[in-house]
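Each remark here refers to the structure printed beneath this line.
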Amino acid sequence: MPEVRAAAARCLQAVAEGHSLARELPRWEQKVKFEQRPLLRELCYGTLRHFPRLDAIVCHSIKKPLKDKDADLLMLLCLGLYQLEHMRIADHAAINTTVNAVRKLKKDWAKGLTNAVLRRYQRERDTLLAQLTPADIAAHPDWLYQAITETWPDQAERIFAANNSYPPMCLRNNRLQQSRDHYLQQLAAAEIAARPCDFAGDGIRLEKPLDVSKLPGFEEGSVSVQDESAQLCADILAPQSGMRILDACAAPGGKSGHLLEAAAGELALTCLDIDDTRLLRVQDNLERLGLSAELVTGDASQPSHWWNGEAFDQILLDAPCSATGVIRRNPDIKIHRQASDIAALAATQLRLLKALWPTLKTGGQLLYATCSILPEENDGVVAQFLAQDDSAKHLPIAASWGIERSVGRQLLPDADGHDGFYYALLEKI
């Protein structure tokens, strides 16, 4: 099926040029037959997970670097190597379909090159792998490999393994409709293997991912798809009926729904997001759960444009970040994210904290959250904010999960469990 390989190469080329995989993959799925789409998805996600390693192998296998205009060919070569290294496809079939895909890219001149690179890997695998750097072997860009090994030296290997793994599918039971144990019984009756999550009280981890249409009661709001680490925000805040709460940067609405479920739907919840289109996803998610909230389009860093002056009891700030804790779900981060992004992100996070703090009641709580594992975006940002505002007090989070930091708690990605996440709870005094 060379057309699938060619479509995957074109999709990955678009990702390398700065487009999102989540946006590009559906477009390229339309170019192949329905039954071939799982293969296309596997090729794209798998190649991106291992791209730094595969790219390095290609570089060691050719005499001259490929030109920028041949980025699609580079991606095709990486696709071919990914099949040889990680997929249950006979070597001859992987090589032949990849070589034939060159014609689909209208680059017949590269058929010999493609064949030579893949067959050289067959013959000289150990020699080629011996030339890789530790970062190449871990399949992480140099800057991120260094950041992880310096910050988390004892956990680095486990982080790399988790980032390169397939993410588990985790559910959040809707406690307003049934208990978690009862929903587990429904899953068992549907012959869907699952178990309770280790830390999230509403969390359920499936043994194998599946289409949500096969989940009992999904359309009726019995359950939502949400990683265990993201579910912990409701446990930390423990919202009470009648509270006025702001979910800043709310889209796609998973945490909004959980906060409402935790308070029996009796919250004055404001869901804020800068993007109208993203707020539509929040609306859809809440409607499926039979819940409601006030949806507001606005920039969280400019409350004067959207805030009515009535202070909030609680604020959830799930700040924009590097997403280095969820690489296994978004492997294009390995291509898109750069070391220079981190300082800019940290500046944005601090600006959001400062802007939202005046909208919080005295005695109220703000939960700062990111899906990052880099301290510059996490305890570094919160510690800086605490040093600048005397009205902010850090409240330690008493929990059995994560690693206690100087400020807040850090979850690191677990290949068999939760994503990477950071939480810090602040009180206004």
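Filtered by the rule that a residue be surrounded by fewer than 17 Cβ atoms within 10 Å (Cβ to Cβ), more than 30 Å from LYS334 (Cα to Cα) and in contact (Cβ under 8 Å) with a residue 24 or more places away in the chain, segment 190-214 gives ALA190, GLY201, LYS214. With the requirement that a residue be in a helix (DSSP H, G or I), open to solvent by 40 Å² or more (accessible area, probe 1.4 Å) and out of contact with any Leu (no Cβ under 8 Å at 6 or more places or on another chain), what does segment 45-84 give you? Correct list: CYS59, ASP68, LYS69. So which residues in segment 66-123 are closer than 20 Å to CYS11 by Cα, modelled with pLDDT of 90 or more and among the acidic types (Asp, Glu)? ASP70, ASP72, ASP108 - these are the residues of segment 66-123 that are closer than 20 Å to CYS11 by Cα, modelled with pLDDT of 90 or more and among the acidic types (Asp, Glu).
Take LEU267 and decide whether it is under 28 Å from ALA387 (Cβ atoms) and open to solvent by less than 40 Å² (accessible area, probe 1.4 Å). Here the answer is no, as LEU267 does not meet what is asked. The criterion of at least 1 residues that are within 17 Å of the chain's Cα centre (by Cα) is met by the following strands (runs of 3 or more DSSP E) wholly inside segment 319-416: 360-370, 409-411. Taken together, the residues in segment 249-296 that are in a helix (DSSP H, G or I) and of a type in the set (A, V, I, L, M, F, W, C) amount to 8. Looking at this structure, is GLN155 surrounded by 15 or more Cβ atoms within 10 Å (Cβ to Cβ), closer than 16 Å to THR324 by Cα and out of contact with any Lys or Arg (no Cβ under 6 Å at 6 or more places or on another chain)? Here the answer is yes, as GLN155 does meet what is asked.
Would you say PRO358 is modelled with pLDDT of 95 or more, open to solvent by 10 Å² or more (accessible area, probe 1.4 Å), of a type outside the set (Gly, Ala, Ser) and under 29 Å from GLU42 (Cα atoms)? It is false that PRO358 is modelled with pLDDT of 95 or more, open to solvent by 10 Å² or more (accessible area, probe 1.4 Å), of a type outside the set (Gly, Ala, Ser) and under 29 Å from GLU42 (Cα atoms).
Taking into account only those residues within segment 215-248 that are in a loop (DSSP other than H, G, I, E, B) and among the acidic types (Asp, Glu), which is surrounded by the most Cβ atoms within 10 Å (Cβ to Cβ)?
Going residue by residue through segment 215-248, those that are in a loop (DSSP other than H, G, I, E, B) are 215-222, 226-227, 238-243.
Next, only the ones that are among the acidic types (Asp, Glu) stay: 219-220, 227.
On the way: GLU219: 9, GLU220: 12, ASP227: 29.
Looking at the filtered set, the residue picked out is ASP227.
The values are calculated or read from the model by the stated rules, or taken from the named source; none is laboratory data. It should be emphasised that the depicted structure is a prediction, and the values quoted were computed from it without experimental measurement. A quick note on method: Cβ atoms are made from the backbone with ideal geometry, for glycine too, and the neighbour counts reach across all protein chains shown. All accessible areas refer to the heavy atoms of the entire protein, side chains included, with ligands and DNA or RNA removed. Shrake-Rupley method; radii C 1.70, N 1.55, O 1.52, S 1.80 Å.
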